[in-house]
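Q: Sharing a structure with you now.
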């Protein structure tokens, strides 16, 4: 009798597990985003003691794919920067963000980012400055707001800080070295995020 009762209780407990899971609402979404922004890049070019510091506002566009739960979201991202002083500036990496859900209309996020930057600075023959082509790991943080335009579309407004470690020397062709130093990038941006439920 005890064995039969134990089997019934065990069967009832197993049967209630899916019901308990259904009672807890945990929304998960797949994400796709299109991003546009303006970036300042901290650049120093030291040519025979003359330091050229260039903090330029660079328009940039990017694509992001990711996933979101109730409190967290993650993106893989790629960005292209329209840089007049560069032959090339692109980044590829990821972001992990924590969501503060203070309102049904919007939420606030903070997060961390990391990835790889691909940089090529073009030559300047008038100043006898050679070209420089390199890559650098980056890391940093981001913060901003998501405005829930519809159930499946968010408008994201944020800022991103990225630390780079570029310190390269190049020969200018006359035996002198030109030092290129890039420390950081700061971006203000907006994104349109398309969401659809995973489950």
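Q: At 0.36 nm per residue, and after removing the present C-alpha to C-alpha distance, how many nm does the segment from residue 127 to residue 27 gain when stretched out fully?
A: Once the chain is fully extended between residue 127 and residue 27, it gains 30.3 nm.
Q: R0 = 35 Å: FRET efficiency of residue 198 with residue 56, Cβ-based, nearest 0.05?
A: 0.30
Q: Can you give the FRET efficiency for residue 176 and residue 150, using 1/(1 + (r/R0)^6), R0 = 41 Å, r = Cβ-Cβ distance, to the nearest 0.05?
A: Here the calculated transfer efficiency is 0.10.
Q: Given the Cα-Cα distance of residue 98 and residue 139 and 0.36 nm per residue of separation, how much length would full extension add, in nm?
A: Length gained, residue 98 through residue 139: 13.1 nm.
Q: At 7 Å along the Cα-to-beta-carbon direction for both residue 163 and residue 74, put a label point, then send me their distance in nm to one decimal.
A: Here the answer is 2.3 nm between the modelled labels.
Q: Can you bin region 27-197 into rounded, prolate or oblate? Criterion: square roots of the alpha carbon gyration tensor eigenvalues sorted a ≥ b ≥ c, rounded for a/c under 1.5, prolate for a/b above b/c, oblate for the rest.
A: Because a/c hits 1.5 or more and a/b exceeds b/c, region 27-197 counts as prolate.
Values in this text are rule-based calculations from the coordinates and carry no lab data. Keep in mind it's a predicted model, so treat the numbers as computed, not measured. Every residue, glycine among them, receives a Cβ derived from its backbone with ideal geometry; neighbour counts consider all protein chains shown.
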